[in-house]
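Heads up: the structure comes next, in structure tokens.
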Amino acid sequence: MTATRITIEPPQGQKPFFIGLDVGGTNIKMGLVDEMGRTIAFQSIPTEQQRGAEDACGRIASVVEEWFATKGISRGDVVRAGIATPGPIDLPSGMILRPGNIPGWWDFPIRDRIAHHLGIPTTFANDANAAAYGEYWMGAGKGYGSLVLLTLGTGIGGGITIGDTLVEGAHSCGGECGHILVNPAPDAPQDSLGNRGSLESYANASAVVNRARAAIERGDATALAKRQAAGEAITPRVIAEEAERGDKVCRDTIFEAAHWLAIGIVTFIHTIDPDAVVLGGAMTFGGNDTEIGREFLQRIRSETRPRLLEPLRDTVRIELASLGGDAGYLGAAGLARLAWRQAQCK
């Protein structure tokens with residue numbers, strides 16, 4: 001099941017309209033989205049976190065004002081915004097707490113300040129949860145009743161949707177899939193938070209690179225040794241390139257990540273019994289566009305299946321995400337739409 005961003009030109013969009021904001025350490029992705037999930041306007045602006053969150057709120061509002069001026073959209077037709085940021089966050093208070101990649105935004109009431117600058121109610125979500133909702137609403141999960149999304153990259157993020165509900169948790173930490181424990185051994189590798197034995201510590205970008213470097217240090221036969229000796233950095237992209245050429249060390253390194261992901265996925269499936277598990281992010285090694293990406297996905301499926309209860313083996317789908325970097329802002333807009341609809345029913 002594949003999907004891409006659906007874009008249309010105003011005034012073709014179906015009212016009402018929603019604004020979706022996805023905050024990253026480098027850029028803020030902004031989309032004006034209609035009732036059907038189609039993008040009417042899109043812009044990415046630099047986060048410039050050193051200028052502070054209040055400054056960013058003002059710059060976001062300036063872009064929205066430009067949309068009103070150039071897209072022929074009435075201000076009254078935009079009924080709600082949604083903003084997604086990295087965690088940790090406090091959903092009830094609308095606070096972004098202390099995410100490592102945007103220190104200039106720490107301890108800031110982001111939900112209420114965005115609402116103030118835009119002049120419309122605003123919904124707040126963790127970025128991985130918003131991406132999960134985006135895939136559920138308009139992406140690889142469209143048509144499914146529930147899904148688990150894993151975003152694979154520098155860390156491992158996650159999000160869980162059941163029906164139209166995000167699992168956000170009593171303490172705003174629901175769906176932190178990368179931090180589940182897969183190995184309690186005291187010498188297990190550490191993740192980005194310093195915890196040992198988490199899924200992230202075995203299957204994120206650093207884990208894959210560290211295993212490849214260890215193979216080089218052991219003297220294993222691999223093309224990586226020559227590339228490193230030539231001064232090239234060992235990265236997941238380099239590992240994927242050599243795996244695609246058949247390098248055994250690189251293939252084994254990638255498939256070990258698939259093994260640990262399968263262990264984690266078994267836990268998610270047995271806990272939630274979703275319709276689908278969706279994998280996104282840069283660490284899918286090219287996904288369906290490369291042989292190693294397709295083998296990576298198939299290895300995850302084949303290692304997951306025999307570990308599942310028999311009724312689940314052929315019913316829960318494991319798929320690749322389809323929205324790429326658009327999932328966050330689309331999910332934020334979708335959550336705004338959901339909150340607006342719920343408010344209309346009260």
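The values are calculated or read from the model by the stated rules, or taken from the named source; none is laboratory data. From a predicted model like this one, the values you see are computed outputs, not experimental measurements. Cβ placement follows ideal geometry from the backbone for every residue including glycine, while neighbour counts extend to all protein chains displayed.
I'd like to verify a number: residues in region 210-250 that are exposed (fewer than 14 other Cβ atoms within 10 Å of the Cβ), of a type in the set (Asp, Glu) and within 30 Å of the chain's Cα centre (by Cα), how many?
Here the count works out to 1.
Can you tell me how many residues in region 126-168 are in contact (Cβ under 8 Å) with a residue 60 or more places away in the chain, assigned to a loop (DSSP other than H, G, I, E, B) and over 15 Å from the mean Cα position of the chain (by Cα)?
5
Only one of (1) surrounded by 22 or more Cβ atoms within 10 Å (Cβ to Cβ); (2) small (Gly, Ala, Ser); (3) touching a helix residue (DSSP H, G or I) at 6+ places or on another chain (Cβ under 6 Å); (4) within 23 Å of Ser146 (Cα to Cα) is not met by Ala257, so which one is it?
Single failed check for Ala257: (4).
For the subset of region 169-182 comprising residues that are in contact (Cβ under 8 Å) with a residue 40 or more places away in the chain and not hydrophobic (A, V, I, L, M, F, W, C), which member is farthest from Val148 (Cα to Cα)?
It comes out as Ser172.
Conditions (1) under 18 Å from Ile96 (Cα atoms); (2) surrounded by 13 or more Cβ atoms within 10 Å (Cβ to Cβ); (3) modelled with pLDDT under 95, marked per residue:
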{"residue": "Arg5", "(1), (2), (3)": "no, yes, yes"}
{"residue": "Phe17", "(1), (2), (3)": "no, yes, no"}
{"residue": "Leu21", "(1), (2), (3)": "yes, yes, no"}
{"residue": "Glu48", "(1), (2), (3)": "yes, yes, yes"}
{"residue": "Ala61", "(1), (2), (3)": "no, yes, no"}
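Please verify whether region 133-140 includes one or more residues that are among the hydrophobic types (A, V, I, L, M, F, W, C), touching a helix residue (DSSP H, G or I) at 6+ places or on another chain (Cβ under 6 Å) and within 25 Å of Ile83 (Cβ to Cβ).
Yes - at least one qualifying residue is present in region 133-140.
Considering (1) assigned to a loop (DSSP other than H, G, I, E, B); (2) outside the structural domain of Ala257 (by TED's automatic domain parsing); (3) not hydrophobic (A, V, I, L, M, F, W, C), say which one His171 fails and leave the rest.
(2)
List every residue pair whose Cβ atoms lie under 7 Å apart, where the two residues are 6 or more positions apart in sequence or sit on different chains, the first residue falls within region 300-312 and is assigned by TED's automatic domain parsing to the domain that holds Thr271 and of a type in the set (Ser, Thr, Tyr), and the second residue, located anywhere, is surrounded by 16 or more Cβ atoms within 10 Å (Cβ to Cβ) and outside any helix (DSSP H, G or I).
Thr304/Ile318
Counting just the residues of region 80-116 that are within 18 Å of Pro46 (Cα to Cα) and modelled with pLDDT of 95 or more, which one comes out surrounded by the fewest Cβ atoms within 10 Å (Cβ to Cβ)?
This residue is Ile110.
Give just the number: which of (1) in a helix (DSSP H, G or I); (2) modelled with pLDDT of 95 or more; (3) not acidic (Asp, Glu) does Met283 not satisfy?
Condition not satisfied by Met283: (2).
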